[in-house]
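Written below as structure tokens is the structure these notes are about.
The values are calculated or read from the model by the stated rules, or taken from the named source; none is laboratory data. What you are looking at is a predicted structure, and each value in this text was computed from that prediction instead of being measured. Glycine gets a Cβ as well: all are built from the backbone with ideal geometry, and neighbour counts include every protein chain shown.
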């Protein structure tokens, strides 16, 4: 499966946000990367550039490739409701994102790896597709033989219980439940989804 494997600090500095989690490089250099550093005069960005940057931020944040991103947006456009908000809800309902939100993995990339290596089940069945879209009521759990994995136990130990209202978590059985799609106000990511909608509507 293709995925971004380049320098993560560079991406975080590009968006001036900790896209991949806490980043000391971002704290030290809170300005875009480039050989001239902060002193170089940067021209005013066009409307298209701003919209494209927001789309790239969402792609890097959720770890979604271009084709998946476009397909998911098409699905959101076909549903009732505000397209941008529906789109974010579908991104949140991805299995890899839910594994990350539940605290089974410390990052989304680690969550994708756990799913891909068949450590996660949905409604009792092993699912190894990170982009699998959950529905309200679906039960996500760590596979029985994987519960002793150090990566999982360490992540769960530092997890804040019931941090997200649309998810239910049982630390004893390492089982979570996707209760419902979150409201836009509940999604913590700093993404201006309206700019993405404007970009695709051109």
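Okay, here's what the table says:
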item	result
Any hit, the range 151-158, residues being under 20 Å from residue 180 (Cβ atoms) and either buried (at least 21 other Cβ atoms within 10 Å of the Cβ) or under 12 Å from the mean Cα position of the chain (by Cα) (or both)	no
Residue match in the range 61-82 (condition: on the phi > 0 side of the Ramachandran plot and surrounded by fewer than 20 Cβ atoms within 10 Å (Cβ to Cβ))	yes
Residue identified as out of contact with any helix residue (DSSP H, G or I) (no Cβ under 7 Å at 6 or more places or on another chain), modelled with pLDDT of 95 or more and part of a helix (DSSP H, G or I) among 118, 89	89
Strands (runs of 3 or more DSSP E) (entirely within the range 133-202) containing at least 3 residues that are free of Cβ contacts under 8 Å to residues at least 40 places away in the same chain	139-142
Residue that is surrounded by the most Cβ atoms within 10 Å (Cβ to Cβ) [pool: residues in the range 190-202 that are within 18 Å of residue 97 (Cα to Cα) and touching a helix residue (DSSP H, G or I) at 6+ places or on another chain (Cβ under 6 Å)]	193
Subset tally (residues that are closer than 14 Å to residue 131 by Cα and either free of Cβ contacts under 8 Å to residues at least 12 places away in the same chain or in a helix (DSSP H, G or I) (or both)) for the range 62-81	10
